[in-house]
Amino acid sequence: MADSTVTKNALANALRRQMEEEPFSKITIGEICDRCNMNRKSFYYHFKDKFDLVEWLFGSEIKNAINGKEYADKWEYIEDICGVIHSSRKFYREIFRIKGQNSLLEKMSDLFCPIIENELTDTDNLDFCAEFLTDSLIYSIEKWACGKDVETPGEFVSKLKKSLLKAAEIV
């Protein structure tokens, strides 16, 4: 593992541990750095801010989950992403509270929108439809992840798929 990745992982783990004690909104860069015995300069060498760290962490976990897999079925891809969220539910529940620019929701949109656009090749209002379906998917994932009795990723994605296919029949 490259030194850069080791440093980034140390900062990410420090953030996770700090979030067990206080909400993300109250966490400072100094606290993250203190927790892993690094200086702020090291943090800013790798990340712009704590939102950038969360984005890197999510991207890194997604990359590890899909690790070169070929997906014949897009639903399997969605299930793997849900698996990442499910495996660290407490952490991601807190992260889902962050809204607006640099939020996890924005990062997820970047992941899902191109896939949805590829499936909508003959749609008149491609941008609108892709954005609508992406937002619906992300909202559903957020609601699932933040729920009290969370189903497994497989159960959730199966329900989601059935619901969307049924909705498509109605429309």
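The values are calculated or read from the model by the stated rules, or taken from the named source; none is laboratory data. Note that the coordinates shown come from a computational prediction; the quantities given were computed from them, not determined experimentally. Please note: Cβ atoms are built from the backbone with ideal geometry, for glycine as well, and neighbour counts cover all protein chains shown.
Selection within segment 91-117: residues that are assigned to a helix (DSSP H, G or I) and free of Cβ contacts under 8 Å to residues at least 12 places away in the same chain. The member of this set that is farthest from the chain's Cα centre (by Cα) is 114. From the list 150, 157, 84, the one residue that fits, being surrounded by 15 or more Cβ atoms within 10 Å (Cβ to Cβ), more than 30 Å from residue 47 (Cα to Cα), β-branched (Val, Ile, Thr) and modelled with pLDDT of 90 or more, is 157. Taking each residue of segment 25-44 that is of a type in the set (A, V, I, L, M) and looking for partners that are outside any helix (DSSP H, G or I) with beta-carbon atoms closer than 8 Å, six or more apart or interchain, yields 29/49.
If the condition is being of a type in the set (Val, Ile, Thr) and modelled with pLDDT of 95 or more, then segment 7-56 contributes 7, 27, 28, 29, 32. Take residue 70 and decide whether it is modelled with pLDDT under 90, part of a loop (DSSP other than H, G, I, E, B) and more than 12 Å from the chain's Cα centre (by Cα). The answer is yes for residue 70.
Looking at 96, 132, just one residue is farther than 18 Å from residue 20 by Cα and modelled with pLDDT of 85 or more, and that residue is 132.
Return the total of residues in segment 112-122 being over 21 Å from residue 155 (Cβ atoms) and crowded, with 18+ Cβ neighbours inside 10 Å. Number satisfying all stated conditions: 2. Within segment 45-67, being free of Cβ contacts under 8 Å to residues at least 12 places away in the same chain and part of a loop (DSSP other than H, G, I, E, B) holds for 48, 67.
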